[in-house]
Protein chains: 2
Amino acid sequence: MGSVGDFEFPQSNALLNIAGRASNDNPLDPEEFRRQGHMVIDFIADYYKNIEKYPVLSQVEPGYLKKRLPTSAPFYPESIETILGDVQDHIVPGITHWQSPNYFAYFPSSGSIAGFLGEMLATGFNVVGFNWMSSPAATELESIVMDWLGQMLRLPKSFLFSGNGGGVLQGTTCEAILCTLVAARDRTLRIIGNDNIGKLVVYCSDQTHCAFKKAAQIAGINPNNFRVIPTTLSTSFSMCPKALRNTITADVEAGLVPIFLLATVGTTSTTAVDPLGPLCDVAKDYGMWVHVDAAYAGSICICPEFRHFIDGVEGADSFSFNAHKWFFTTLDCCCLWVKDPSALTQSLSTDPEYLKNKATESKQVVDYKDWQLALSRRFRSLKLWLVLRSYGVEKLRGFLRSHVKMAKVFQGFVEADNRFEVVVPRNFANVCFRISPSAVMNKSSNGVLGEITNSNDISSPRTKITKMGLVNEVNQKLMESINGSGGIYMTHSVVGGIYLLRFAVGATLTQESHVIEAWNVVKQHAHAILNSIPTTQ
Amino acid sequence: MGSVGDFEFPQSNALLNIAGRASNDNPLDPEEFRRQGHMVIDFIADYYKNIEKYPVLSQVEPGYLKKRLPTSAPFYPESIETILGDVQDHIVPGITHWQSPNYFAYFPSSGSIAGFLGEMLATGFNVVGFNWMSSPAATELESIVMDWLGQMLRLPKSFLFSGNGGGVLQGTTCEAILCTLVAARDRTLRIIGNDNIGKLVVYCSDQTHCAFKKAAQIAGINPNNFRVIPTTLSTSFSMCPKALRNTITADVEAGLVPIFLLATVGTTSTTAVDPLGPLCDVAKDYGMWVHVDAAYAGSICICPEFRHFIDGVEGADSFSFNAHKWFFTTLDCCCLWVKDPSALTQSLSTDPEYLKNKATESKQVVDYKDWQLALSRRFRSLKLWLVLRSYGVEKLRGFLRSHVKMAKVFQGFVEADNRFEVVVPRNFANVCFRISPSAVMNKSSNGVLGEITNSNDISSPRTKITKMGLVNEVNQKLMESINGSGGIYMTHSVVGGIYLLRFAVGATLTQESHVIEAWNVVKQHAHAILNSIPTTQ
């Protein structure tokens, strides 16, 4: 896994450097840009070529980099050769390689050539597209590709510009949620008055992403008015509309004002899918805003056979997914559509003198600064446009289906091995599995895990709890053992008390051979861990 | 200014394409990445080489792009050659060229080779650095460079990690303000209870960036409790500590709770500087949080002779500036330092099961997700690190000083021409000027502007107002005339009723020859406009 010392630059480039630098000292000199740009392209291409040599999960210790870098910035310039050498020697070891084909953690951060090139172009133009006039192409391309993508997802026309809704690119789902929540909050406060902010209540499930709780906190929703509907294994951890209605009813009876429901298509722990139609029906009865967070799973709804997962979205007010997760755009690129853009702009508009211009006054243009938290914004639509055009709808569907197919292969391995079990049904390209309780208990029938546990309470009332704890502990050991090896990287979750391993396929470079090898790694580590349990019968 | 048709690709690359694409279809294939990456580097290098050919301010009409692009995404892939051809033909005309050496609008969006390369590396690695473990290098490099930069600015040690404060890279100042405001809000609410959110009051001046009003709106501060201290020309539009104290006193007497002051070093309209020391003294008496927004001017405080502009920062709680404005990192990169990181993390932390890890539990690491609004974050510190190393402290100071020097040259031109006047003293590299009232009135002594105005009320009580309106109208015409020509681009503001033109030097490619030529453009257009005023005496 050594990475030091195997990085070299062509000598010819190094010679060019000296000549080039002497001729023009401007930090944006086109020829020097060309020379250094080519070097970094080669650096990154080589990185991808060699990426399997590195441990997927960085194995450095906290504070490693401080020991390697100076304590202050250099006074004099350093060459790009020196800097890239340091990137290779000191930065790469501290990277967890999200682009590795052996990366199966969290959700993917799917890069692509097209996404990368789009980001390069955006960075090269380096425009600050806060309003239409500051760079009309940045605004107009965004509106166009958001309609393209909305059509691909078969979103109701009311979400598209062509149907008086509209789409906007945000950085992350966190921002999308906060923007829509603030819009919903103010929609209600305009009616009941700002003094009643303390009465507003928001709703989600215990599987909703933590981003929502943070957004509610930021937006000044009273923490006591943040409602979490419990979910269970029996419904695969999806939100129960009836439980939602009961909670809302109680709140209304208590004089509170329900304003916002966050429904999820593809939860972070298990990719559970909340039933959008019935949930929207409940919310509608109380005039609430419904946001659908499909951060991970939204992408694959461009495939007709997966589109049903967002059935019912027509009842929602807004919908978002992260193109940087599983749609090849590189971080960051969250696609948000709203039915009523004026709800956003009423909360988020600014109109200082120094930004006044005739295009805005004509009301013929979109000023995206009023659709998001920040003023400044990058030209993100370029990368989405390049992804859509470079691959086309057909290939994009093919890429996503190939990830699902690989996840199915992995699922097949798990199901065929009686030491393992799939914990919840697989919806997309993420398999939630664990070493099964029976495999653990066969080894340790009295609930004692020998060397690898401190638990030794086998008295009757706590046996069940202890057993669950044992099984979880074994699975946690499995995950840590696998990730510590560096060969593959997975992450975990705990749902309904069950510790599970998540095998999320979606890294762009992953092929079936990687999945097969990953399963071998899982088996080897599981074998060692199960064998370390002393048989106590 | 034609841009269509002068963009060609080497034929050899086009041939390689067909071979390359057939061999490997993976969207992150290293060799195809290399081939296409080199093409885009050349595209951008050529763009910089030819950038002066384009009108700086895009001259397209609203809706131009919709007429040129298809109504839906392509079903089949398109080649990078086709796409880049379309970028040249359809996107470039809709771009306002922030990187042009003839760009003097708003504030600069200063690109550089090093900043670009850092963004490329970050996009290439494409890690999602929400916590330490997700890529230790991303977190540790950020902490290190923020301490480097803090030292360069001679920030008090209490703002640095080495002094138990710390720095974090946000996307924009808007985010930095919102984060610190929420921290301040919650610090108070933890004492007085969430039910009292309606009593909280925040303070700024009439020159404060609109981002603050938006942040207060998002954070749920009652709009009635947003205090704006008026400024005047007599103090160059800086905030008056006495007026602040009087306002706060009145609020406290009314039972309200002051929590936050936003002070600015380098306001957007005129680069005014609020007196940090005296303002912090006032705020301290009321236990308020003070954030210093030096979005534009912070950069140049790395030069000893400019450091005095942030004297008094030691009394503040947080300080931020945008490295993407005038520090060569490309958008987006806002540097924020806080004295008490725990105030941020108490408001912004999340701790879901799926992100739990031993490094976090050890409390030996920073998890930057808890220092910002969003969970996901890009590896922004790479570009800041590359800028600091590629240029070094000495050259960076030199670049910034050269911009100030060019602004002084322009100021000299304005002052030497009695048709013009400098409106407020120049602090940095932005000159606020206009055609002087006397030059207008010499042409139109009775306040009638002939063909170029509709105003014809010359009755006595309104003469002064009318004259002011006339002068403003002439200057607005001047700006629109200049920008419509495409030769250079400037923007305006209105302060104390005065319409002024802003000449902001800072685009990386700008040289003194561009400033000289810009002045010629200004003179020509002013000459034409002044001559179009019929002499009525």
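No lab work stands behind these numbers, since they all come straight from the coordinates. Given the structure is predicted, the values throughout are model-derived calculations rather than measurements. Here the Cβ is made from the backbone with ideal geometry for all residues, glycine too, and neighbour counts use every protein chain on show.
Looking at segment B:202-298, the DSSP beta bridges with both ends there are about 10 percent antiparallel.
List the trypsin sites (Lys or Arg not before Pro) in segment A:161-208 that DSSP assigns to loop (not H, G, I, E or B) and whose Cβ has at most 16 other Cβ atoms within 10 Å. Which are they?
On the way: sites: A:ARG185, A:ARG187, A:ARG190, A:LYS199; in loops: none.
Those that pass, being in a loop and sparsely packed, number zero.
Of all aspartates and glutamates in the structure, the ones whose alpha carbon falls short of 12 Å from that of A:LYS49, not counting any fewer than 8 places away in one chain, are B:ASP29, B:GLU31, B:GLU32. Working note: 222 nm ellipticity from helices only, DSSP H runs with n ≥ 4, each -39,500 (n - 2.57), summed and divided by the residues of the protein assembly as shown, gives -13500 deg cm²/dmol to the nearest 500.
Of all DSSP bridge pairs formed entirely within the protein assembly as shown, close to 60 percent run antiparallel. Once the Cβ-Cβ distance of B:LYS523 and B:ALA243 is raised to the sixth power relative to R0 = 41 Å, the FRET efficiency obtained is 0.55.
Here the spin labels are modelled as points 7 Å beyond Cα on the Cα-Cβ line, and at B:VAL228 and B:LYS408 they lie 3.6 nm apart.
For a Förster distance of 41 Å, can you work out the FRET efficiency between the beta-carbons of B:ALA250 and A:LYS356, rounded to the nearest 0.05?
Details: r = 32 Å, r/R0 = 0.77.
That pair, B:ALA250 with A:LYS356, gives E of 0.80.
One residue of chain B places its C-beta nearer than any other to the axis carrying B onto A; that residue and its whole-Å distance are B:GLY220, 1.
Which of the pairs A:LYS213/A:LYS383; A:LYS199/B:LYS213; A:LYS363/B:LYS213; B:LYS66/B:LYS523 have their Cα atoms more than 26 Å apart in this structure? Provide the component values of the computation, followed by the final result.
On the way: A:LYS213/A:LYS383 30 Å; A:LYS199/B:LYS213 23 Å; A:LYS363/B:LYS213 23 Å; B:LYS66/B:LYS523 37 Å.
Going by Cα-Cα distance, A:LYS213/A:LYS383; B:LYS66/B:LYS523 fall outside the 26 Å limit.
The modelled label-to-label distance for the pair B:ASP285/B:GLU314, using points 7 Å beyond Cα in the direction of Cβ, is 2.1 nm.
Take B:VAL228, push a point 7 Å out from Cα through the beta-carbon direction, and compare it with the same point in every other copy: 4.1 nm, smallest first. A label point on A:GLU314, set 7 Å along the Cα-to-Cβ line, lies at 6.7 nm from each of its counterparts in the other copies, closest listed first. Charge dipole of the protein assembly as shown (Cα centre as origin; +1 on each Lys and Arg Cβ, -1 on each Asp and Glu Cβ, all else neutral): 1260 debye, rounded to the nearest 20. Which value in nm describes the separation of the simple spin-label points at A:GLU81 and B:GLU61, placed 7 Å from the Cα toward the beta carbon? Inter-label distance under the simple model: 5.5 nm. Mind listing the label-point distances from A:LYS395 to the same position on all other copies, shortest first, one decimal in nm, points 7 Å along Cα→Cβ? Taking the point 7 Å beyond Cα along Cα→Cβ, the inter-copy spacings are 3.8 nm.
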